[in-house]
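First up is the structure itself, then whatever we jot down about it.
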Amino acid sequence: MVDTIIENDIAAATKRVRDRYAAANPNSKAAQEAARAVFPAGNTRAVLGYQPFPLTIANGVGAEVEDADGHTYVDCVGEYSAGLFGHSNPTIRSAIVKALDAGIVLGGPNLYETSFAAAICDRFPSIELVRFCNSGTEANTLALLAARAFTNRKKILVFNDAYHGGFLAFKSGGGASNLPFDFVMADYNDPATEGLMRKFAPDLAAVIIEPIIGAGGNICATPEFMRMLRTTSHEIGAVLIFDEVKTSRNGPGGMQEWFGIIPDMTTLGKYIGGGLTTGAFGGRRDIMEIFDPAKAGTLVHSGTFNNNVCSMAAGVAAMTEVFTCDEAARFFARGEAFRSELNIMLAKRNVPLQFTGLGSIMAPHFTTTPILGPKDVPKIDKVLMPLMHMEMLMRGVLVAARGDIFLSLPMEKRHFDTVKEALMGFVDEHENLIVRHIQQSCP
């Protein structure tokens, strides 16, 4: 009975802030209503939808965006890590304009792709050979196909609540839109995974893991767990794939460098094309040669826009001029310091709220207990996150509906200060409600 009363109080508080939000954003509301006439549910990308309607973004400059009603926000959605460079990096913009001026859809190898590929191979220890595609979804799909062909096995071990693309999403074990591969499900950071790997070893083609499980709550894998995956996959002959579509932004060589663990294959995407559509997958030479058409029994990998000139040019600029190894190291340290600062602030207030993640990738959870996997994420997150989301928006900080925060290179002290002020404003207004609900939820 008490739980129901408190949940009703949270629902009432959420409705009040949603009403204020709706009143403040009539143009976004109208845009959503118009979108419903042509899109199912009024959008063409499920993750961007939320109640009562999403903001329509009109423009962006640096680390800020402006909505259709003229409100400015610090952009902490960061296009789910694709927005690493912000919205108007002059070096990347210049590279794109130069490529456009020389003509697009050229129908052959261009002047940028080899330099882009070389930059990726130089940066990430696991990538001896690389191929480009159009998204992280494609990169992961092609890596799994390569692993199946290379090993002549069928099963793929994935983790509950992982997300490897639009057709490789494993919330609650997966859905009807997933590719019809033969998946073995395991729990993130669970030592029992080793037993599953050995049980299915004769037909296990690959193990694919996000070093920070994103949709599962931005939770970092433990070094011990990653070492176990590396050792066991090598012993049983399965291909270990690191999905670093998001996490490769964490330091000069991504999470594989941070862990000191070299996978057999790595997938990339999101930010590597400077904010334009790009994906990449690569790894050991002997595996990647499965795509060499000069050899018998290889896989065909086509794609009209795999090497589109604008993405290739932007990628070269992004990875060699802007997000250099030195800059990547500085940015990682900046993210770690900011997340630590947020957690210290919350601990001093004795609020049951913490930010998990690593580097420039983080997410809030309404608990003070350690979170090692999605199973540890408290159920009350689903109740309180809509309230926090709305309050952050109303305080000038654009965050993902599920709470994710992705930092960007152009963020300055004033942007970090705005985020902290918005967060503490939310805490100030709703601390009693948060604490009451969590106390009643604990056994």
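Considering the range 12-54, and only residues there that are more than 30 Å from residue 165 (Cβ to Cβ) and aliphatic (A, V, I, L, M), the residue that is surrounded by the most Cβ atoms within 10 Å (Cβ to Cβ) turns out to be 17.
Within the set 274, 282, 269, the sole residue that is touching a Gly at 6+ places or on another chain (Cβ under 8 Å), under 30 Å from residue 238 (Cβ atoms) and buried (at least 24 other Cβ atoms within 10 Å of the Cβ) turns out to be 269. Mind telling me which of the residues 31, 41, 99 ends up being over 19 Å from residue 422 (Cα atoms) and in the same structural domain as residue 316 (by TED's automatic domain parsing)? Matching residue, one of 31, 41, 99: 99. Each residue in the range 177-211 was checked for being within 20 Å of the chain's Cα centre (by Cα) and loosely packed, with under 13 Cβ neighbours inside 10 Å, and 1 of them qualify. Among the residues making up the range 307-349, those that are under 14 Å from residue 120 (Cβ atoms), hydrophobic (A, V, I, L, M, F, W, C) and in contact with a Pro (Cβ under 8 Å, 6 or more places away or on another chain) are 325, 328.
Please determine whether any residue of the range 97-119 is crowded, with 17+ Cβ neighbours inside 10 Å and in contact with a Leu (Cβ under 8 Å, 6 or more places away or on another chain). Checked the range 97-119: no residue is crowded, with 17+ Cβ neighbours inside 10 Å and in contact with a Leu (Cβ under 8 Å, 6 or more places away or on another chain). Of all residues in the range 123-142 being touching a helix residue (DSSP H, G or I) at 6+ places or on another chain (Cβ under 9 Å) and part of a helix (DSSP H, G or I), which is surrounded by the most Cβ atoms within 10 Å (Cβ to Cβ)? Per the stated criteria, the residue is 136. Residues in the range 356-380 that are touching a strand residue (DSSP E or B) at 6+ places or on another chain (Cβ under 9 Å), under 18 Å from residue 160 (Cα atoms) and not in a strand (DSSP E or B): 371, 372, 373, 374, 376, 377, 378.
For residue 170, are the conditions met, namely being among the aromatic types (Phe, Trp, Tyr) and under 23 Å from residue 249 (Cβ atoms)? Against the criterion (among the aromatic types (Phe, Trp, Tyr) and under 23 Å from residue 249 (Cβ atoms)), residue 170 qualifies. Here residue 165 qualifies as in a loop (DSSP other than H, G, I, E, B) and either out of contact with any His (no Cβ under 9 Å at 6 or more places or on another chain) or buried (at least 19 other Cβ atoms within 10 Å of the Cβ) (or both). All of 370, 386 fail the test of being surrounded by fewer than 23 Cβ atoms within 10 Å (Cβ to Cβ) and in contact (Cβ under 8 Å) with a residue 60 or more places away in the chain, apart from 386. Could you tell me whether residue 372 is more than 21 Å from residue 60 (Cα to Cα) and of a type outside the set (Lys, Arg)? Spelling it out, residue 372 is indeed more than 21 Å from residue 60 (Cα to Cα) and of a type outside the set (Lys, Arg). Might you let me know whether the range 337-352 holds any residue that is in contact with a strand residue (DSSP E or B) (Cβ under 6 Å, 6 or more places away or on another chain), more than 18 Å from residue 161 (Cα to Cα) and either surrounded by fewer than 20 Cβ atoms within 10 Å (Cβ to Cβ) or modelled with pLDDT under 95 (or both)? So far as the range 337-352 goes, yes, one or more of its residues are in contact with a strand residue (DSSP E or B) (Cβ under 6 Å, 6 or more places away or on another chain), more than 18 Å from residue 161 (Cα to Cα) and either surrounded by fewer than 20 Cβ atoms within 10 Å (Cβ to Cβ) or modelled with pLDDT under 95 (or both).
Every condition in (1) surrounded by fewer than 19 Cβ atoms within 10 Å (Cβ to Cβ); (2) under 17 Å from residue 241 (Cβ atoms) is met by residue 173 except one, and the failing one is (2). Checking each residue in the range 393-443 for being out of contact with any strand residue (DSSP E or B) (no Cβ under 6 Å at 6 or more places or on another chain), without any contact (Cβ under 8 Å) to a residue 60 or more places away in the chain and crowded, with 19+ Cβ neighbours inside 10 Å picks out only 426.
Candidates in the range 285-306 are the residues that are over 30 Å from residue 89 (Cα atoms) and touching a Phe, Trp or Tyr at 6+ places or on another chain (Cβ under 7 Å); of these, the one that is surrounded by the most Cβ atoms within 10 Å (Cβ to Cβ) is 287.
Being β-branched (Val, Ile, Thr), more than 22 Å from the chain's Cα centre (by Cα), surrounded by 13 or more Cβ atoms within 10 Å (Cβ to Cβ) and farther than 22 Å from residue 145 by Cβ holds for only one residue in 309, 322, 316, and it is 309. Of all residues in the range 205-234, those that are over 16 Å from residue 250 (Cβ atoms) have Cβ atoms under 6 Å from Cβ atoms of residues that are in a loop (DSSP other than H, G, I, E, B), 6 or more apart or on another chain, in 205/153; 206/238; 207/238; 216/161; 217/377; 225/189; 230/261.
The values are calculated or read from the model by the stated rules, or taken from the named source; none is laboratory data. Computed from a prediction, not measured in an experiment: that's the story for all the values here. Note: ideal-geometry Cβ built from the backbone for every residue, glycine included; neighbour counts use all protein chains shown.
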